[in-house]
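What follows is a single structure, written as structure tokens, with notes after it.
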Amino acid sequence: MREIATWTDIGAPPARVWEVLTDLEHYRDWNPFVREASGSVTVGSRLRLRMHPAHRRPMTFHPRVRAVVPERELRWRGRLLVPGLFDGEHRFVLTDLDGGGTRLVQSGRFTGLLVPFLKRRIADTAGDFEAFDRALRRRAEGRATPADCSGR
């Protein structure tokens, strides 16, 4: 098992951060990592996520939504080909900060037979998470531009 996590403080209330985070249709407008997203943010549904990792080819995943707690937690789980080969659980936790801000913690937990062979790629994903965090912060604070999703 491998885990990575990033966090950022956002100058917007959890309701605004949640609104941006769950507006999958508009990820293309601001998100440098997950540039295409669709589906219903409801427990049990499948999403379609087109990820653009830095320095690697884009890939499409179809994770299943595992938890939806408005303004607090969003979690999905995906896999590569078959269960147990390479599974990933992606989690966003929002914490209300005194003064109207939000702390966003984004984490990924990876399990499966391929994990020992993909340590470097998993570690590199932290940079993609950080780019996502920065862009989400700008968007929620009202500072995002179309250039935010064009690369790093």
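The values are calculated or read from the model by the stated rules, or taken from the named source; none is laboratory data. All values reported here derive from a predicted model rather than from experimental measurement. Cβ sites come from the backbone with ideal geometry, for glycine too, and all protein chains shown count toward neighbours. The protein model used for the area step is the full one, side chains on, heavy atoms only, and it has no ligands, DNA or RNA in it. Shrake-Rupley method; radii C 1.70, N 1.55, O 1.52, S 1.80 Å.
Of everything listed in (1) more than 23 Å from SER45 (Cα to Cα); (2) at pLDDT below 90, the single unmet condition for ASP128 is (2).
For the range 3-23, the tally of residues that are of a type in the set (D, E, K, R), more than 27 Å from PHE110 (Cα to Cα) and loosely packed, with under 15 Cβ neighbours inside 10 Å stands at 0.
Scanning the range 85-111 for residues that are surrounded by fewer than 20 Cβ atoms within 10 Å (Cβ to Cβ), small (Gly, Ala, Ser) and either at pLDDT 90 or above or closer than 22 Å to GLU130 by Cβ (or both) yields GLY101, SER107, GLY108. Take ALA67 and decide whether it is small (Gly, Ala, Ser) and either assigned to a strand (DSSP E or B) or more than 24 Å from ARG143 (Cα to Cα) (or both). In short, yes. For the range 24-39, residues that are closer than 18 Å to ARG91 by Cβ and surrounded by fewer than 16 Cβ atoms within 10 Å (Cβ to Cβ) total 0.
Residue-wise test of (1) part of a helix (DSSP H, G or I); (2) open to solvent by 80 Å² or more (accessible area, probe 1.4 Å); (3) in contact with a Cys (Cβ under 6 Å, 6 or more places away or on another chain).
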| residue | (1), (2), (3) |
| --- | --- |
| TRP76 | no, no, no |
| LEU113 | no, yes, no |
| ILE122 | yes, no, no |
| ALA131 | yes, no, no |
| GLY142 | no, no, no |
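In the condition set (1) in contact (Cβ under 8 Å) with a residue 24 or more places away in the chain; (2) closer than 18 Å to ALA12 by Cα, ASP98 is compliant with all but (1). Within the range 21-38, residues that are basic (Lys, Arg) sit with their Cβ atoms under 7 Å from residues that are assigned to a strand (DSSP E or B) and open to solvent by 40 Å² or more (accessible area, probe 1.4 Å), at 6+ positions apart or across chains, in these pairs: ARG28/ARG35; ARG28/GLU36; ARG35/ARG50.
Check MET59, MET1 and return the single one that is in contact (Cβ under 8 Å) with a residue 12 or more places away in the chain and aliphatic (A, V, I, L, M).
Just a single option satisfies the conditions, and that option is MET1.
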